[in-house]
Structures are given as structure tokens and as C-alpha cells.
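K.L.:
Input: one structure, supplied below.
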Ligand code: SF4
């Protein structure tokens, strides 16, 4: 089979993994070597679905010995199979990188023979890139559940990031849809990576230079809509994962109904809006000090698809608003719909020089239409009125809602 | 007095230098290049001298800090009409207000400069990802760009670090300028003629096709969203992207 054809099959098979970020690493170029890692990450292209392409995201093979029901690569699915050799992966990565098509490689795979065997092949790819090709670009490697910790340790020396995909948000759906993987087999590599990263941190604090180990940390992915969990269940799991194993990111992937299975829901279109709300809530947890409990209390376990999670929260807590923009503490400004981290920082900086007026406020980058309902400026309130809810629904959402209600069976 | 300078950033700083030397109250305008003869104003041709430009830049940096200096440079590179007069006001205010310049950023003269700087910065950031090198016969990695703002000077340090060990060139075909890295020094040069001697290496065509195939296959068909793609990757950049080549 031609290399190009293999690439086509294996890109096709890798596309449902959503993580493509290349951030979090400061790997430097070495003399005579190629590449470096940019701390913020760089997007190199955007695919027809609007998603950023940063890494060469590819499977080593799509022939898997497992049979997870939701997965296009499962053993029982009738589909063309291909496998890339270590050399082929290295060659394409280097060629794409030099041309500035990509930031690096994100390698995943169906399971070949055993998790250990597959990981050993990953290790060969990573070692060849780093040692023979002196490649200093970004490498993201999948940690396959059930892999020996010793192998993960070695892989972690070369990789910038590793991820173990959780995929299903509960033990129950895991048993139903991925019977060969146990929750334990998924959690233990996460735990291992976390422990190694914590050790490295301690070494650093003791002013010793720790052995390199996944400097950009670990991430995971959850499929949304293939099983019956509520948004609240998913978000609480996310929060737990951030706390317990220090994940850098949790990615959400709206279930795309491409294959059939006895336990899979029948839906016409992937629940994209729900996925989007999860990303927003996740962001609020990581950057705005919200908790899952605040965003989705027991009384409202699912997102309002019309309003974003922050606006929802603010509407449930009308008693806290309006706040005076010239006096409210930074933490409270962050909770105002329409004010983001950037604009909150600017407000705090600018008001040191004197009271802000409504006019100058519009130029700090906040969304006035939304924020005005929750603020006073020099004691004056500009909000209220019947347009409140309408102002909070973003134009984009309104459009998306209209489009989707035409197609979507279940959201 | 109208100050005519050569259109470069150092040239502009020299115009500011001379304006301060002559007294800023007499300034009627700073303009790039030759223009229609002014009927009622006196004109002077500004000499571009690196030492003077350096002194003005250092003074502004010392008084107003790093961020304000960066805005100044990036706003200049945005190449907006009438940039000289906005930037001159901005610098005069900066020398007067010093660090307190920040407090005035919501006023129109500062806001405009800031907006321009942001546009340039955003385009430079986007191009770090969207630049596409092609391998030429002699092994050189060569990229063509035609950005809206003059971002070439902002791009080179990134690729110097990234592709330090091999020679490369980035050619702004719109402004007819190129940056060339020979693995030791960075060279900027005017390239008046489009080189028609450019020949790709034997592997180039196949690699482009491979990338195009990858690009098409990595998209999820059920999630097609051309508007979203266009918002991240505006059509004006497609011309230089092998993945947007419509060929099968
Ligand atoms: S182990 Fe991974 S690749 Fe294999 S069937 Fe399960 S999800 Fe798919």
C-alpha cells in the first residue's frame, strides 16, 4: 500500500480524538537539531470542520484487538485497515514539520497484540525522533490502558504530553460499551503519570534537576452523548480529575453516530451544542474559580442550551448583582457575564487612575450588552428591561439553535 | 513644517528626532516618501540615521516601558493611512505622561494605536502557523507570504530558533522584501523581481499531496463548518496554503 493511502486511512481513523493542542512545553532547539516547542502552542491550519490542526494526529494502526462498541476501529467493524512503520511515521513527521505544516506529532493506535507491545513501538518512534533526528518539536503520545509502568516511564522521557482517554464518563457505561477496559486500567496510568510529575516537582523544589518527564502534563477525553450520563455527572467527574490527577485539560467529544451498536443511542447529529457548553463550564472551572456544584446544582443537572453556564449562574444569583464596577473585587468582576479575564484585569489596572465611566468601560473589551445588566457604573445602572434574557443569548447560539432544532434528534 | 521620511521605522523615528530638535509646535505633518509640492508649508527631507533612531527608541522605551514601545512599533507596521500623525501624537503624549500613558489607553489617540498594534500582532501570530515552506532544489526552505500588515520583521526570530540549523527564506511578495537565514546571520533584502528560477526539490510535490490528503481526511464530515474555518483562517491566506489547493 502506498504511504499516502495509509496516511489517508489512519488520519480518518484518528480524527475523532479531539485533543490537538501543542501548548505547555518550552523544549529548546539543540545545536544541529530541528525545532522547538512554543509555550502557548501554535495552530497551523483549520480543517473543514473548523477544528485547529496543530499536530500530525495519526494512528499507528487502526487494526485493534479490542472491540469497544462506540469505536470505528473496533475488531468487529468492517473497514479497510493499515499500519505505518516506525520509519514512515518519523519520515512524515520530519517532512511536515520542516515545511511548517505542524507543531509535532500526536501518536495513538489501535492495540496491536498487547498494550505493552504497542507502547514499545511508540517508544521506538519517540526515541528515533528525539535521538536520531534530533527533533525538538512537540510529541504527544497516547498512554494505553494496561501498559506496564516501566514502559510509560520511558515514553514519558521523550514525550511533551501524554494522555489516557477515559472516553466513557461512568463505570457502568464502560462495562456496557468497552468491556475489555476497566476503570482501574484507565485510572492507573493516569495516577502513575501524576505521581511521576509530582516527584519531578519536588525534585525541582529541592533544586535538583529532575529527569525529563512529560513537561506539558497529561490530558484525557470524554465522549459526550454515547451513554446516558447527565451534564452534572460529567462535570463533576472533570472536576475530580483536575483535582485528583492534576490533568492539564479534559477534552469533550460529541458522539458522532458513524457505527451501529446494540447499546449505542440512535441520534441524527452529534450533540455539538452540549459539547460546547461543557467546554465553557470546564473553562469556568479552570480559569474563573467556579465549581461544578455552582454551575450545575442538583436541581438543574443539565445545561440550558440557550444560555451559557456563566449567564445561567448569574441569573440564578440575582441577589448578588448589580456590583459597582469601580469597587467590586477582581473575583466578583470575573463572575459578571460579559467580563472576561482580560477585561477584568484591565478594569482593575485602570481604576487605579480614577473612576471609570460607562464610556471608557466599553473600550476595555467587555461585552457591554451583557455586562450592563449586572453592573453599576459610578452608581448608575444601565441594565434591566425586557431584553435581559435576549441580551444574554449570544447571536451565534441563536443561529446554532435554529439550525440544530431542524436536525437534532436528541441533544 | 512637513517632514518627509523614507517610509521605514527608523526613518520615522528620525523625523520625530528632527521635529523635537526644531520644536514640536511647528510640526504640520510627517509623511512617507515624496508627495505633491505643498503650497503653503515648508518641507524638509529627513535623513535616516541609525544612531538618531536608536536614541529616540531608547528614550521612549525608558520613559514609557516595554509594552508601550511594542505598541508603537507594531502600530507602525500596521501601515494604516495617516499612521505618522497618530503615532507622533502618541509619542508626544508618551514623553509627557511617561508610565501614566497606560491610564489613557481608552482615549481615542491611544486606543487607535493600540488597535493597530493588536491587528499587526494578531496577523503575525496567525502567520507563525500559516507560513508554508517549500523545499527547493538546492535544499533551501522557501516561503511566500502576502500579509495585510508588514509582519515580516516580527516573524524571523521565531523561525531562527526553530529552524536554526538549515537555511530558509521568507518572501513578502506584496512588499517585495525577503528575510534570509543562512544558519548564521539574518539578512533582509529588497527583492524587486519575482524569481522565476524557483525550482522545487524532487520530494516537494509528493509531500504537498500527502499533506493535502491528510488535511482532507482529518476533518469530520458530520461537523462541516465552513464559516468557522473561515473565521480562523481567512480566505486571503488560502493562496499560499497547499492544503487549500482545489486539485484532487
Ligand atoms: S481499544 Fe481503542 S482503538 Fe481499540 S476498539 Fe477500543 S477505543 Fe477503539
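K.L.:
In whole Å, what is the distance between the alpha-carbon centres of segment A:48-83 and segment B:1-55?
P.N.:
After rounding, the separation between the Cα centres reads 62 Å.
K.L.:
Here is a further query. Between residue A:153 and residue A:79, what FRET efficiency follows from the Cβ-Cβ distance if R0 is 51 Å, with the result rounded to 0.05?
P.N.:
The formula returns an efficiency of 0.90 here.
K.L.:
Separate question: GNM on chain A, C-alpha springs below 10 Å: top fluctuator among A:61, A:30, A:118?
P.N.:
Comparing A:61, A:30, A:118 in the GNM, the peak value goes to A:30.
K.L.:
With a 10 Å cut-off between alpha carbons and a GNM built on chain A, which of A:131, A:167, A:229 moves the most?
P.N.:
Result for chain A, Cα springs under 10 Å: A:131 fluctuates most.
K.L.:
List the pair-distance distribution P(r) of segment A:17-95, using every Cα-Cα distance, as the percent of pairs falling in each 10 Å bin from 0 up to the bin containing the longest distance, rounded to whole percents.
P.N.:
15, 32, 36, 15, 3
K.L.:
Over segment A:309-392, with a single point scatterer placed on each C-alpha, what log10 of the ratio I(q)/I(0) does the Debye formula yield at q = 0.12, 0.20 1/Å?
P.N.:
The calculated log intensity ratios at q = 0.12, 0.20 Å⁻¹ are -0.29, -0.85.
K.L.:
How long are the semi-axes of the equivalent ellipsoid of segment A:119-214, taking √(5λ) for every eigenvalue λ of the Cα gyration tensor, in whole Å from largest down?
P.N.:
With the √(5λ) rule applied to segment A:119-214, the semi-axes are 27, 18, 10 Å.
K.L.:
If r is the Cβ-Cβ distance from residue A:259 to residue B:24 and R0 is 60 Å, what FRET efficiency results, to the nearest 0.05?
P.N.:
That gives a FRET efficiency of 0.25.
K.L.:
Please state, rounded to one decimal and in Å, the Kirkwood hydrodynamic radius that segment B:142-199 gives when every pair of distinct Cα atoms enters the mean of 1/r.
P.N.:
Hydrodynamic radius (Kirkwood, Cα pairs) of segment B:142-199 is 11.7 Å.
K.L.:
Still on this model: Over the Cα atoms, compute the radius of gyration (one decimal) and Dmax (the largest Cα-Cα distance, rounded to a whole number) for segment B:131-244, in Å.
P.N.:
15.7, 48
K.L.:
Of all DSSP beta bridges in segment B:131-194, what percent run antiparallel (nearest 5)?
P.N.:
Looking only at bridges with both residues in segment B:131-194, the antiparallel portion is about 70 percent.
K.L.:
OK, next. Take the alpha-carbon centre of segment A:143-171, take the same for segment A:333-350, and report the distance between them in whole Å.
P.N.:
Value for the Cα centre distance between the two parts: 38 Å.
K.L.:
Before rounding to the nearest 500, sum -39500 (n - 2.57) across all DSSP H runs of length at least 4 in chain A and divide by the residue total; then give [θ] at 222 nm in deg cm²/dmol.
P.N.:
Rounded to the nearest 500, the figure is -11500 deg cm²/dmol.
K.L.:
Provide the convex hull volume over Cα atoms per residue for chain B, in Å³.
P.N.:
Roughly 174 Å³ of hull volume per residue.
K.L.:
Percent antiparallel among DSSP beta bridges with both residues in the protein assembly as shown, to the nearest 5?
P.N.:
35 percent
K.L.:
So for segment B:2-121, what are the equivalent ellipsoid semi-axes in whole Å, largest first, each being the square root of 5 times an eigenvalue of the Cα gyration tensor?
P.N.:
For segment B:2-121, the ellipsoid semi-axes come out as 23, 15, 14 Å.
K.L.:
Could you check the simple spin-label distance between residue B:199 and residue B:82, using points 7 Å along Cα→Cβ, in nm with one decimal?
P.N.:
In this crude spin-label approximation the distance works out to 5.2 nm.
K.L.:
I would also like to ask the following. Using Cα atoms only, what is the angle between the long axis of helix B:83-97 and the major principal axis of chain B, expressed in degrees (0 to 90) to the nearest 10?
P.N.:
With both axes taken from Cα atoms, the answer is about 60 degrees.
K.L.:
How long is chain A along each principal axis, judged by its Cα atoms, biggest number first, in Å?
P.N.:
So the three principal-axis extents are 69, 54, 38 Å.
K.L.:
Kindly state, to the nearest 0.05, the FRET efficiency for residue B:89 paired with residue A:327, given R0 = 25 Å and r defined as their beta-carbon distance.
P.N.:
Efficiency at R0 = 25 Å is approximately 0.15.
K.L.:
How many nm is it between the label spots at residue B:103 and residue A:298, if each spot is 7 Å from the Cα in line with the beta carbon?
P.N.:
5.2 nm
K.L.:
Separation between the residue B:67 and residue A:116 pseudo-spin-labels, each 7 Å from Cα along Cα→Cβ, expressed in nm?
P.N.:
5.5 nm
All of the numbers you see were taken from the coordinates with simple rules; none came from a lab. For clarity, every value in this text was computed on a predicted model and none was experimentally measured. Here Cβ is always computed from backbone atoms with ideal geometry, including for glycine, and neighbour counts include all displayed protein chains.
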